[in-house]
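Before any comments, here is the structure.
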Amino acid sequence: MALSPTAAQRRVIAAADPATGRLKGTQAQLAALVKRGLAFRHPRPPHDHFLTPAGHRIREAGGEPDGVTVAPETPAAPDAGGVFAARVGGEEAAPGGTGPARLREVRGAWQGLLELRRMTHPDGSTDRPCAWERSHLVRAAALALEAAGHRPAGPDGGDGYRVRATPQPEAVAVYEPDGTALRGCAATLERAGWHVGEHTEPRTRARYLLASPRKV
């Protein structure tokens with residue numbers, strides 16, 4: 001179900017702090033923006049409200065995007081509520097299309113995630129994953145890779161990364177048949193705050209990365 005902001009709510013969005021996305025408005029206005037997936041309420045006092053990546057896109061566009069969907073009343077997740085889905089590689093239908101619009105969306109989602117790190121870490125740091133990333137490992141790792149410009153694999157395989165869940169707690173596997181590209185994925189994830197190790201599958205001898213979010 002799509003919910004569009006009213007004119008008054010769009011004015012609140014337009015007046016948000018351009019750097020942090022912090023909002024000012026009545027409690028009713030802010031609660032309505034949360035319901036629409038355009039804002040979230042910070043879990044710590046003073047419980048200020050901030051724009052989600054979808055809210056930032058409205059502010060930057062100066063208008064109203066198509067198909068804004070409801071997101072939960074929690075710190076905004078880049079793929080929550082249908083707002084954004086990072087490419088994990090191998091999808092039959094790539095989410096979000098291609099081209100400059102997709103690039104803007106990915107960069108916006110990554111900046112939103114960095115802001116979420118800053119606001120949810122007690123020390124305000126952005127150099128390590130936050131709780132949302134640890135509960136959405138595949139999507140979080142895929143977003144870090146796509147935002148850094150790595151190419152996801154297509155539905156027929158071939159070159160490109162593929163991020164997959166593993167039986168190991170708090171770890172994902174990243175596959176990329178090109179060795180140089182695989183090492184590039186490792187460097188990107190390390191910069192994004194992940195512990196990364198390169199391994200070989202015993203049966204296929206394929207090289208892959210095992211990545212887990214750094215906690216300190």
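Being polar (S, T, N, Q) and either within 16 Å of residue 86 (Cβ to Cβ) or at pLDDT 95 or above (or both) is true for just one of 200, 188. Which residue is that? Spell out the reasoning first.
Values: 200 fails: either within 16 Å of residue 86 (Cβ to Cβ) or at pLDDT 95 or above (or both).
Residue meeting the stated conditions: 188.
Quick check: is even one residue across region 159-167 without any contact (Cβ under 8 Å) to a residue 12 or more places away in the chain, out of contact with any Asp or Glu (no Cβ under 6 Å at 6 or more places or on another chain), not in a strand (DSSP E or B) and not acidic (Asp, Glu)? Looking for residues that are without any contact (Cβ under 8 Å) to a residue 12 or more places away in the chain, out of contact with any Asp or Glu (no Cβ under 6 Å at 6 or more places or on another chain), not in a strand (DSSP E or B) and not acidic (Asp, Glu), one finds at least one in region 159-167, hence yes.
Considering only residues in region 127-136 that are in a loop (DSSP other than H, G, I, E, B) and open to solvent by 60 Å² or more (accessible area, probe 1.4 Å), the one that is nearest to residue 48 (Cα to Cα) turns out to be 127. Restricted to region 137-158, and to residues there that are at pLDDT 90 or above and in a loop (DSSP other than H, G, I, E, B), the residue that is surrounded by the fewest Cβ atoms within 10 Å (Cβ to Cβ) is 149. Please determine whether any residue of region 181-202 is assigned to a loop (DSSP other than H, G, I, E, B), of a type in the set (A, V, I, L, M, F, W, C), open to solvent by 20 Å² or more (accessible area, probe 1.4 Å) and farther than 21 Å from residue 135 by Cα. No, region 181-202 has no match at all.
Consider region 168-180. How many of its residues are assigned to a helix (DSSP H, G or I) and among the acidic types (Asp, Glu)? I'd like the intermediate steps shown before the answer.
Step one: of region 168-180, the residues assigned to a helix (DSSP H, G or I) are 179-180.
Filter once more, keeping what is among the acidic types (Asp, Glu): none.
Here the count works out to 0.
In this structure, is residue 209 at pLDDT 95 or above, in a helix (DSSP H, G or I) and more than 18 Å from the chain's Cα centre (by Cα)? Here the answer is no, as residue 209 does not meet what is asked. Only a single criterion out of (1) modelled with pLDDT of 50 or more; (2) at negative phi is not satisfied by residue 97, namely (2). Counting only residues that are touching a Pro at 6+ places or on another chain (Cβ under 9 Å), surrounded by fewer than 19 Cβ atoms within 10 Å (Cβ to Cβ) and closer than 26 Å to residue 122 by Cβ, which one in region 16-64 is modelled with the highest pLDDT? If we take residues in region 16-64 being touching a Pro at 6+ places or on another chain (Cβ under 9 Å), surrounded by fewer than 19 Cβ atoms within 10 Å (Cβ to Cβ) and closer than 26 Å to residue 122 by Cβ, then 41 is modelled with the highest pLDDT.
Is it the case that region 100-121 has a residue that's outside any helix (DSSP H, G or I), under 21 Å from residue 54 (Cβ atoms) and either modelled with pLDDT of 90 or more or open to solvent by less than 30 Å² (accessible area, probe 1.4 Å) (or both)? Lay out the reasoning, then the answer.
Of region 100-121, the ones outside any helix (DSSP H, G or I) are 121.
Then drop every residue that is not under 21 Å from residue 54 (Cβ atoms), which leaves none.
There is no residue in region 100-121 that is outside any helix (DSSP H, G or I), under 21 Å from residue 54 (Cβ atoms) and either modelled with pLDDT of 90 or more or open to solvent by less than 30 Å² (accessible area, probe 1.4 Å) (or both).
Does residue 208 meet the test of being open to solvent by 30 Å² or more (accessible area, probe 1.4 Å), touching a His at 6+ places or on another chain (Cβ under 7 Å) and more than 17 Å from residue 130 (Cβ to Cβ)? Taking the combined requirement at face value, the residue satisfies it.
The values are calculated or read from the model by the stated rules, or taken from the named source; none is laboratory data. As the structure is a computational prediction, the values presented were derived from the model and not from experiment. A quick note on method: Cβ atoms are made from the backbone with ideal geometry, for glycine too, and the neighbour counts reach across all protein chains shown. Remember, those area values only see protein heavy atoms, side chains included, never the ligands or the DNA or RNA. Shrake-Rupley method; radii C 1.70, N 1.55, O 1.52, S 1.80 Å.
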